[in-house]
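Below is one structure, written out as structure tokens, with a few remarks after it.
Just so you know, all these numbers are worked out from the coordinates, no wet-lab data involved. Every value quoted in this text rests on a predicted model; they were computed, and no experiment measured them. When we count neighbours, we look across all protein chains shown, and the Cβ atoms used for this are built from the backbone with ideal geometry, even at glycine.
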């Protein structure tokens, strides 16, 4: 005959086990949701900063036609430099199109790097071909604007990399790395300037 006195003990044991399991599910479930939400927020920060970098690049690109017109007015048209600038503009527009069509953050970063490289070619082409251009009020203003645009691109690039670093830290750090693997969160690439453009192009027409 089964001892009925042991039944309450079994019931209490199973109740405690059930409560412990439920508590663990709540704890780990909450931790999972918290980690996932944290990575999603960091990802949103990266996307926001991507827009800031793109805006800075576009602002700099918008100054190039004014610079070209100023050079043209002072020096007269020369087919060589305008051919180089036209080619660089095409490369910039292609990179901008790649950015608009990008379906991943790394693809956007690569496109932005190509945009910056193309702009550096445009400015450098003018600088190399017109070393003796005399300064003017218009030219001085454009030089100051381009320098400011360069600084904004540099600032936003560095800020972008810091934002990506914060996201990547979440992806690789334990235990959030486990959540990252389960939710398909992957490391993102940093914004690295082209090797030929580590230094901002110097626009010096004196």
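How high is the FRET efficiency from residue 101 to residue 48, r the C-beta distance, R0 22 Å, rounded to 0.05?
Details: r = 20 Å, r/R0 = 0.90.
Using R0 = 22 Å, I get an efficiency of 0.65.
Gain in length, residue 154 to residue 20, computed as 0.36 nm per residue apart minus the alpha-carbon separation, to one decimal in nm? Display every interim value, and only then the final one.
Numbers: separation 134, 0.36 × 134 = 48.24 nm, distance 5.31 nm.
Taking residue 154 through residue 20 to full extension adds about 42.9 nm, to one decimal.
I'd like to compare 113-119, 52-58, 144-150: which one has the highest average count of other Cβ atoms within 10 Å, and what's the full order after that?
Working: 113-119: 22.6, 52-58: 19.6, 144-150: 16.6.
Descending packing order for the listed peptides: 113-119, 52-58, 144-150.
Could you check the spin-label model distance between residue 187 and residue 165? Points 7 Å from the Cα along Cα→Cβ, value in nm.
1.5 nm
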